[in-house]
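Q: Here it is: the structure, laid out below.
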Amino acid sequence: MSVGLIWRALCLLSILCTLSRNVHCTENQPDLSGTERGLTFSHVYKIDIPGSSSCTVERLPVQETGLQQDTTSNGENDIIFKHNIRLQTSKCNCEESESFKELLYRVNGLEEEVNYLKTQCTQGCCGRGGAAGVDTSCSDHGTYQHDTCSCLCNPGWEGPDCSVSSCPDECSDNGRCVDGRCVCYEGYTGEDCSQLTCPGDCNDKGQCVDGKCVCFPHFTGEDCSIPKCPNDCEGNGQCVDGQCVCDDGFYGEDCSTVLAPKGLQLIQKTDVSLLVEWETVQGAEYYMLTYHPKFDEGAVEEVQIPNSENSYLITDLTPGVTYIVKVYAVIKKIQSEADMIKATTDVSTIDDMRVTGQTEVSIQVDWKNPQAEVDYFRLTHTDPSGQEEELNVQRSQEARTKHTIVGLYPGTEYQISVQSIKGNAGGKASFTTGVTDIDAPSNLVTTEVTEDTATVSWDKVQAEIEGYMLSYTSAEGSSSEIFVGRDSTSYRLVGLRPGVLHTVYIWAFRGDKVSEKSSTEAETELDAPTNLSVEDETDSSFRVYWDPTQAQIDGYMLTYSSSDGSREETPVGSDSSYVLTGLRPGVVYTVYLWAVRGSKASRKISTEAETEIDSPKDLKATDVTIDSALLTWAPPLADIEGYILTYREEEGNLQAIERRLDASETSFTASNLKMGKRYIVTIVAFRGSKRSRMVETLFKTVAMLYPFPMDCVQIMRNGNNNNGIYTVYINNNQSKPIEVFCDMTTDGGGWLVLQRRNTGKLDFMKRWRQYIAGFGNMTEEFWLGLDKIYALTNTPTQYELRFDLGLGSERAYAVYDNFKIAPIRQKFKLTIGKYRGTAGDAMTYHQDRLWTTIDSDNDIALTNCARTHSGAWWYANCHLANLNGKWGDNRHSLGVNWEPWKGHLTSLDFTEMKIRPVGALSSRKKRSLMVREKKSRVSNTHK
């Protein structure tokens with residue numbers, strides 16, 4: 001019973017508390033005087049209602065039921081009903097209280113009694129069995145009861161005449177009663193509208209309980225319309241339409257299970273290892289692999305394997321043992337079920353078994369001994385018919401065991417196996433195949449030889465073979481191998497080179513087994529040269545080219561003739577070209593060529609060639625002045641029409657001057673030239689469109705020979721013959737001047753001095769940077785500097801280095817013909833050349849050595865040679881020359897030493913190092929050179 005129904009009852013009682021009705025009944029009796037007599041019913045209700053709105057009634061003792069009814073009469077026609085109702089303090093679940101239910105029942109009963117009395121009185125039959133004028137049809141909704149003078153209404157109808165429709169429990173105040181049926185308000189349902197409805201009737205996916213949906217499994221939401229996934233997919237997937245879509249690596253209704261690896265299999269095994277592989281599980285974080293001997297589960301080994309791998313090599317296992325191998329996938333610390341295999345390691349196996357040799361009746365085999373101990377080896381060999389022979393072989397003390405199988409058949413293939421034996425167990429056998437040698441073809445001969453073919457024949461072999469292989473060689477090389485069928489006894493070789501001696505080989509084979517080779521010789525006939533042509537024509541020669549013969553020959557013969565009928569025959573050897581010289585310019589020649597060997601000669605081939613016009617000869621410049629020169633030449637032998645002569649400055653952008661001269665002219669004066677300039681002169685002879693080769697010469701008008709001399713030789717050639725300080729220019733480059741001291745007297749002069757020591761006043765024990773920059777006074781003692789020496793010697797000019805040495809009045813010298821040093825990044829590495837002189841060779845020992853100072857140790861000694869020998873040099877380990885050593889120190893190898901001359905215990909008192917171009921001057925050439933250079937200033941400086 002709902003709270004609304006309780007309050008409905010209380011409200012009804014409250015109305016009844018003030019209800020007072022007068023009911024008048026008139027009896028239909030004849031003896032009545034006609035005066036009406038009124039009957040009054042009065043109900044008095046006293047209801048005590050507590051202030052709380054709670055809906056549960058506390059049960060009271062019988063005497064305090066809370067409902068008391070008394071009936072009293074107040075006058076003849078007044079009837080008073082008194083009702084005392086007391087409601088106790090409310091408690092929980094009042095609608096379930098038996099006392100409250102009893103109270104409501106009595107209230108409803110009271111209403112029915114009062115209505116009944118009213119009906120009876122209205123019909124005028126109160127207390128009687130019936131009365132006239134009473135409606136006994138009960139409105140066709142009930143049955144009239146004569147004993148009670150009332151209607152018994154059909155269900156759904158009420159009222160004295162059953163004319164009022166009724167609904168169950170007045171629709172619980174949650175609806176309207178229409179024709180005896182409840183039309184429930186929104187939110188209620190049921191026959192009496194006492195039940196709350198749920199949203200969407202729970203969409204048939206749940207039950208409606210007190211207006212709330214209690215959803216069936218797998219659904220949720222206020223109206224149970226949202227599908228629900230089992231266990232919310234355990235966080236390992238997404239819920240889509242009530243079903244879990246699992247992440248990679250998970251499966252199951254709720255994605256709680258990790259996919260297990262599949263396809264675990266053994267890939268490879270040895271006696272001490274197992275290689276296993278499985279299919280990759282997508283999403284796996286890593287794999288867990290376990291293994292243990294089949295009968296020893298306590299020896300389980302675990303290995304965690306990254307998800308990037310799907311195989312693992314299990315090592316350090318025991319031979320011949322069966323292992324249980326399992327692999328699991330792991331994601332989020334959840335381990336899948338295992339995929340499992342059983343795998344057994346091999347017994348110690350035989351490795352590297354091989355056939356090392358064979359004969360026609362034996363095969364030699366060997367194999368690598370296993371690391372594990374074995375009792376012996378069991379060797380078996382089987383022939384093609386299946387006949388098997390077995391023998392035991394003892395293990396060798398060496399790394400490999402060898403055995404020769406004898407008594408075999410020639411040309412026969414044998415299956416050979418070796419198995420290691422330990423006790424009653426045998427390891428995995430190793431197999432190989434051996435084939436005895438087969439016999440070779442016999443009686444090989446050569447017949448029917450032509451220029452490019454040869455036929456060979458032979459007797460068949462006795463062994464069973466697949467066929468023959470044939471090849472041939474000559475002095476020019478070898479052919480590829482040629483297959484010949486096993487039933488053949490001859491073969492024709494084609495495409496051979498003519499005139500070549502060939503050696504022909506033939507052998508039988510079966511598979512990779514071959515017999516010994518048989519051989520014979522065949523020599524093809526001679527052929528002739530081809531494609532004769534002429535190139536490189538000059539005015540007196542041309543070169544004849546031809547394709548050589550394929551045959552081996554003694555050589556070629558060549559003849560040529562001209563239009564005047566002259567003819568000459570010449571042997572030209574075995575080359576494929578020949579230059580004809582001494583020919584007349586501008587003449588057409590016919591050339592013939594053929595090959596010869598012994599008394600044999602090939603056919604002749606021929607071609608024609610015309611010699612070029614010859615050039616003018618001896619072009620030179622004479623009578624050279626500061627602005628002119630006389631150009632002269634000798635005329636060519638060929639008939640010509642004239643000459644084309646040009647001249648221009650060697651350096652400069654001025655256009656060349658061209659002159660056309662008659663054939664009779666043999667000189668020309670070039671004028672208006674510039675002083676001290678080099679000129680290039682060219683001349684060609686011509687006849688029609690044909691031109692001779694160009695002849696060229698150079699000359700220089702009178703001026704200083706070397707405006708920017710690069711060494712002391714060029715300074716001397718400029719007319720400076722006195723010793724002293726001069727300026728030279730690196731490689732004649734005006735932008736790179738260097739101050740140097742020139743020795744113009746020693747051995748013809750022209751020496752550029754690099755070092756001098758003669759007083760001992762200057763300390764030569766300097767540091768690296770000082771030796772690079774140079775130090776001292778060039779008129780006394782000095783060191784020129786490594787940077788300057790490098791710049792001077794690293795030009796296209798090759799320099800010789802001279803050492804002048806002195807001790808007292810004694811003098812000696814040493815000259816080296818190829819001196820230069822490397823740049824600083826190579827530590828000024830020394831190149832010295834070949835020695836000549838009187839002082840002995842001390843510098844070859846220092847060839848390719850690096851420069852060492854007291855602060856830069858680049859020698860090959862254990863210590864710094866510059867420190868231990870008080871100087872700086874191209875030390876090795878350490879020196880034979882120490883010209884920068886300590887002045888006057890005669891201790892061993894500390895002074896100014898030249899060991900081949902005065903040893904390590906004598907310090908020299910004079911040294912000079914100087915360079916000049918190789919071959920520039922000598923004492924016996926100096927005079928003629930100076931005279932020639934003086935003359936060139938007033939005449940020709942032709943080069």
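Q: Give just the number: which of (1) in the same structural domain as ILE680 (by the TED database); (2) open to solvent by 20 Å² or more (accessible area, probe 1.4 Å) does ALA629 not satisfy?
A: The single condition ALA629 does not satisfy is (2).
Q: Under 7 Å by Cβ, and 6 or more places apart or on different chains, what pairs join a residue from the range 235-257 that is farther than 17 Å from ILE331 by Cα with one that is among the small types (Gly, Ala, Ser)?
A: Pairs that qualify, where the first residue is farther than 17 Å from ILE331 by Cα and the partner is among the small types (Gly, Ala, Ser), are CYS244/GLY237.
Q: Of all residues being within 14 Å of VAL624 (Cα to Cα) and in contact with a Lys or Arg (Cβ under 8 Å, 6 or more places away or on another chain) in the range 653-687, which is surrounded by the most Cβ atoms within 10 Å (Cβ to Cβ)? Just the residue, please.
A: For the range 653-687, the residue satisfying everything is TYR679.
Q: Quick one: is TYR771 of a type in the set (Phe, Trp, Tyr) and open to solvent by 30 Å² or more (accessible area, probe 1.4 Å)?
A: No, not satisfied.
Q: Looking at LEU654, LEU593, LEU645, which is the one that is assigned to a strand (DSSP E or B) and free of Cβ contacts under 8 Å to residues at least 60 places away in the same chain?
A: On inspection, the qualifying residue turns out to be LEU645.
Q: If a residue must be among the polar types (S, T, N, Q), under 30 Å from PRO293 (Cβ atoms), modelled with pLDDT of 85 or more and part of a loop (DSSP other than H, G, I, E, B), how many such residues does the range 237-274 contain?
A: So the answer is 1.
Q: May I ask you to list the residues in the range 689-712 that are open to solvent by 40 Å² or more (accessible area, probe 1.4 Å) and within 17 Å of PRO636 (Cα to Cα)?
A: SER689, LYS690, ARG691, ARG693, MET694, GLU696
So that you can scan it fast, the table gives a plain yes or no per residue for (1) open to solvent by less than 70 Å² (accessible area, probe 1.4 Å); (2) free of Cβ contacts under 8 Å to residues at least 40 places away in the same chain; (3) out of contact with any helix residue (DSSP H, G or I) (no Cβ under 8 Å at 6 or more places or on another chain); (4) more than 30 Å from LYS269 (Cα to Cα):
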{"position": "ILE416", "(1), (2), (3), (4)": "yes, no, yes, no"}
{"position": "ALA425", "(1), (2), (3), (4)": "yes, no, yes, no"}
{"position": "GLU451", "(1), (2), (3), (4)": "no, no, yes, yes"}
{"position": "TYR468", "(1), (2), (3), (4)": "yes, no, yes, yes"}
{"position": "GLU476", "(1), (2), (3), (4)": "no, yes, yes, yes"}
{"position": "SER488", "(1), (2), (3), (4)": "yes, yes, yes, yes"}
{"position": "GLU521", "(1), (2), (3), (4)": "no, no, yes, yes"}
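Q: Based on what the data block shows, is GLU234 outside any helix (DSSP H, G or I) and over 41 Å from the mean Cα position of the chain (by Cα)?
A: no
Q: Residues of the range 571-590 being modelled with pLDDT of 85 or more, of a type in the set (Val, Ile, Thr), assigned to a strand (DSSP E or B) and more than 30 Å from VAL449 (Cβ to Cβ), which ones?
A: Within the range 571-590, VAL579, THR590 qualify.
Q: Please go through the range 433-451 and pick out each residue that is touching a Phe, Trp or Tyr at 6+ places or on another chain (Cβ under 9 Å) and not polar (S, T, N, Q).
A: GLY434, VAL435, ILE438, ALA440, PRO441, LEU444, VAL445
Q: Please tell me if TYR291 is in contact (Cβ under 8 Å) with a residue 12 or more places away in the chain and buried (at least 19 other Cβ atoms within 10 Å of the Cβ). Reasoning before the result, please.
A: Details: in contact (Cβ under 8 Å) with a residue 12 or more places away in the chain: yes; buried (at least 19 other Cβ atoms within 10 Å of the Cβ): yes.
Judged against the criteria, TYR291 is a match.
Q: State the number of residues belonging to the range 172-188 that are part of a strand (DSSP E or B) and either within 24 Å of ASN154 (Cβ to Cβ) or modelled with pLDDT of 85 or more (or both).
A: Total meeting the criteria: 8.
Q: Looking at (1) surrounded by 15 or more Cβ atoms within 10 Å (Cβ to Cβ); (2) in a loop (DSSP other than H, G, I, E, B), which is the only condition GLN364 fails?
A: All conditions pass for GLN364, except number (2).
Q: Check VAL281, VAL258 and return the single one that is under 16 Å from ALA338 (Cα atoms), open to solvent by less than 80 Å² (accessible area, probe 1.4 Å) and within 31 Å of the chain's Cα centre (by Cα).
A: VAL281
This table checks each residue for (1) within 16 Å of THR581 (Cβ to Cβ); (2) of a type in the set (Val, Ile, Thr); (3) not in a loop (DSSP other than H, G, I, E, B).
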position	(1), (2), (3)
SER533	no, no, yes
THR538	yes, yes, no
GLN550	no, no, no
ILE553	no, yes, no
LEU558	yes, no, yes
ASP564	no, no, no
GLU569	yes, no, yes
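The values are calculated or read from the model by the stated rules, or taken from the named source; none is laboratory data. Computed from a predicted model, the values in this text were never measured in an experiment. Note: ideal-geometry Cβ built from the backbone for every residue, glycine included; neighbour counts use all protein chains shown. Note: accessible area is taken over every heavy atom of the protein model, side chains too, but ligands, DNA and RNA are not part of it. Shrake-Rupley method; radii C 1.70, N 1.55, O 1.52, S 1.80 Å.
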